[in-house]
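The values are calculated or read from the model by the stated rules, or taken from the named source; none is laboratory data. Keep in mind that this is a model prediction, so the values were computed, not measured. Reconstructed Cβ throughout: ideal geometry from the backbone, glycine too, with neighbour counts over all protein chains shown.
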Amino acid sequence: MCRSAEPPEGQNAFGEKQHVVLIENGIIKMSDECLSHLVFFTLKDPTDGNISHLVGECHRYLKNHPGVVSFFAGTLASEYDRPVNDQDFHVCLNVVFDSRASHDTYQTAADHLAFIESNRDSWAQVRVFDADVT
């Protein structure tokens with residue numbers, strides 16, 4: 001179950017305001033800006049099995065990289081069919097990195113490249129949204 005909470009605020013050694021980011025294993029890490037990396041995959045053949053396979057591949061290859069603060073991979077919640085909901089995807093990857101540097105390292109990591117190589121032929125479209133978040 002996902003939980004949402006306002007992160008507590010703190011300061012670094014220079015008196016600059018920072019946000020505390022809770023990492024999944026319970027370690028607290030200071031960061032004043034994280035990078036949110038959202039990827040929306042549309043499959044060529046969107047069977048339940050193919051969708052489930054891609055979610056599993058996300059967990060296998062993309063979850064355990066240095067600097068990952070949070071990681072989620074899942075499927076379209078089709079019951080949210082409002083005019084503002086984009087439903088042109090089958091699998092969503094949502095990774096928050098502790099910094100742009102961690103994200104940039106992830107882009108060339110062996111597991112990330114293996115994920116792309118192993119799965120790219122199944123994709124009809126991939127849309128990536130990167131955002132600085134606090």
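Values as computed for the structure displayed
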item	result
Any hit, segment 61-71, residues being of a type outside the set (Ser, Thr, Tyr), touching a residue at least 60 places away in the same chain (Cβ under 8 Å), in a strand (DSSP E or B) and farther than 14 Å from Val128 by Cβ	no
Residue within segment 12-23 that is at negative phi and at pLDDT 95 or above present	no
Gln125, sole failed condition from (1) in a strand (DSSP E or B); (2) within 13 Å of the chain's Cα centre (by Cα)	(2)
Residue in segment 33-42 that is under 22 Å from Gln125 (Cβ atoms), assigned to a helix (DSSP H, G or I), at pLDDT 95 or above and out of contact with any helix residue (DSSP H, G or I) (no Cβ under 7 Å at 6 or more places or on another chain) present	no
Residue that is closer than 19 Å to Cys34 by Cα, in contact with a Phe, Trp or Tyr (Cβ under 9 Å, 6 or more places away or on another chain) and either hydroxyl-bearing (Ser, Thr, Tyr) or surrounded by 11 or more Cβ atoms within 10 Å (Cβ to Cβ) (or both), where the choices are His103, His90	His103
Per-region count, segment 59-95, residues under 15 Å from the mean Cα position of the chain (by Cα) and polar (S, T, N, Q)	4
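The rows are residues; the columns are (1) assigned to a helix (DSSP H, G or I); (2) farther than 20 Å from Phe41 by Cα.
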position: Ser78; (1), (2): no, no
position: Asn85; (1), (2): no, no
position: Phe89; (1), (2): no, no
position: Val96; (1), (2): no, no
position: Ala101; (1), (2): yes, yes
position: Asp104; (1), (2): yes, yes
position: Ala114; (1), (2): yes, no
